[in-house]
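Peer 1: I have a structure I would like to understand better, so I am pasting it below and will then ask my questions one at a time.
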Amino acid sequence: MNRLVLVHGLGVSPRYFQPLVEALPGAKAPDLRPATTLPVLAERLAEAAENEPTAFLGNSFGCQVIVELAIRRPALVERAIFVGPAVDRRRRSWTSQISRLAVDAVREPPRLVAIAVRDYFGTGPVRTLRMAREALGDPLERKLPALRTPLLVGRGERDPLCPQDWAEDVTRLAPVGRLAVVPEAAHAVHYSHARELAVIVRAFLQEPK
């Protein structure tokens with residue numbers, strides 16, 4: 001299997017990747033939170049990958065970080081996997097995103113919600129707000145056509161932050177993209193349905209380019 005680096009979402013730590021790390025031995029999940037802007041986050045991600053060609057799996061805002069790295073240093077991104085990619089271009093507003101996050105919270109396992117709350121406090125409101133502004137101001141749909149690597153988009157069937165139409169847009173806009181929907185999962189597929197996602201990811205990584 002390719003080297004695999006997991007890229008966490010906005011304000012949270014890599015702790016919420018633990019179920020997926022257990023399902024995909026050898027995957028690495030660095031903590032990028034000291035950085036808040038996409039260019040710096042992309043550079044931190046390159047350092048975490050030891051500046052070597054790597055497969056990256058990101059959740060939510062982490063998908064935007066991967067695309068930023070792919071544009072700046074395309075040779076480093078061998079394959080990309082987006083789990084619940086943000087931010088939906090049809091719903092790019094503070095009100096929409098906050099309300100959808102609230103809906104998602106009741107669909108996720110309580111243990112995951114507890115991890116996220118602790119992480120938000122640990123990250124702090126200032127840094128979290130900066131990352132949120134960065135996410136909302138990033139036109140992912142305009143960058144995707146420049147992604148020259150195979151892309152797998154994973155979406156939870158019940159994910160309010162990444163609706164089906166947005167997941168299909170992301171898949172279509174990437175030159176080499178495919179979509180996989182995980183039944184019953186919400187935004188954090190990698191936590192609530194780690195084993196199911198691991199099967200999909202492992203098959204994707206083992207495919208020849």
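Any read-out appearing in this document is the output of simple, stated calculations on the displayed coordinates, not a laboratory observation. Since the model is a prediction, treat every value here as computed from it, not as a measurement. Every residue, glycine as well, gets a Cβ built from its backbone with ideal geometry; the counts of neighbours run over all protein chains shown.
Peer 1: Could you check the range 1-40 and list, in sequence order, the residues that are in a helix (DSSP H, G or I), touching a strand residue (DSSP E or B) at 6+ places or on another chain (Cβ under 9 Å) and without any contact (Cβ under 8 Å) to a residue 60 or more places away in the chain?
Peer 2: P14, V21
Peer 1: Which is touching a residue at least 40 places away in the same chain (Cβ under 8 Å), over 21 Å from S99 (Cα atoms) and among the hydroxyl-bearing types (S, T, Y), of T171, T149?
Peer 2: On the way: T171 fails: touching a residue at least 40 places away in the same chain (Cβ under 8 Å).
Of T171, T149, the one residue that is touching a residue at least 40 places away in the same chain (Cβ under 8 Å), over 21 Å from S99 (Cα atoms) and among the hydroxyl-bearing types (S, T, Y) is T149.
Peer 1: Tell me whether the range 122-131 contains one or more residues that are in contact (Cβ under 8 Å) with a residue 40 or more places away in the chain, farther than 30 Å from L147 by Cα, out of contact with any Gly (no Cβ under 6 Å at 6 or more places or on another chain) and not aromatic (F, W, Y).
Peer 2: yes
Peer 1: Still on this structure, please answer the following. Is it the case that some residue within the range 28-40 is surrounded by 24 or more Cβ atoms within 10 Å (Cβ to Cβ), under 27 Å from E168 (Cα atoms) and either among the basic types (K, R) or in contact with a Phe, Trp or Tyr (Cβ under 9 Å, 6 or more places away or on another chain) (or both)? Write out each step before concluding.
Peer 2: Taking the range 28-40 and keeping what is surrounded by 24 or more Cβ atoms within 10 Å (Cβ to Cβ), we get none.
No: zero hits.
Peer 1: Within the range 51-67, restricting attention to residues that are among the polar types (S, T, N, Q) and buried (at least 24 other Cβ atoms within 10 Å of the Cβ), which residue is farthest from V12 (Cα to Cα)?
Peer 2: Start the filter on the range 51-67 by keeping residues that are among the polar types (S, T, N, Q), which leaves 51, 54, 59-60, 64.
Among the residues that remain, those that are also buried (at least 24 other Cβ atoms within 10 Å of the Cβ) are: 59-60, 64.
Details: N59: 10, S60: 11, Q64: 15 Å.
Ranking the qualifying residues of the range 51-67, first place goes to Q64.
Peer 1: Moving to a separate point now. Among residues belonging to the range 71-90 that are of a type in the set (G, A, S) and surrounded by 24 or more Cβ atoms within 10 Å (Cβ to Cβ), point out the one that is farthest from P208 (Cα to Cα). Outline the logic, then answer.
Peer 2: Applying the first criterion (of a type in the set (G, A, S)) to the range 71-90 yields 75, 80, 84, 86.
Still in the list and also surrounded by 24 or more Cβ atoms within 10 Å (Cβ to Cβ): 80, 84, 86.
Details: A80: 14, G84: 24, A86: 28 Å.
Ranking the candidates gives A86 first.
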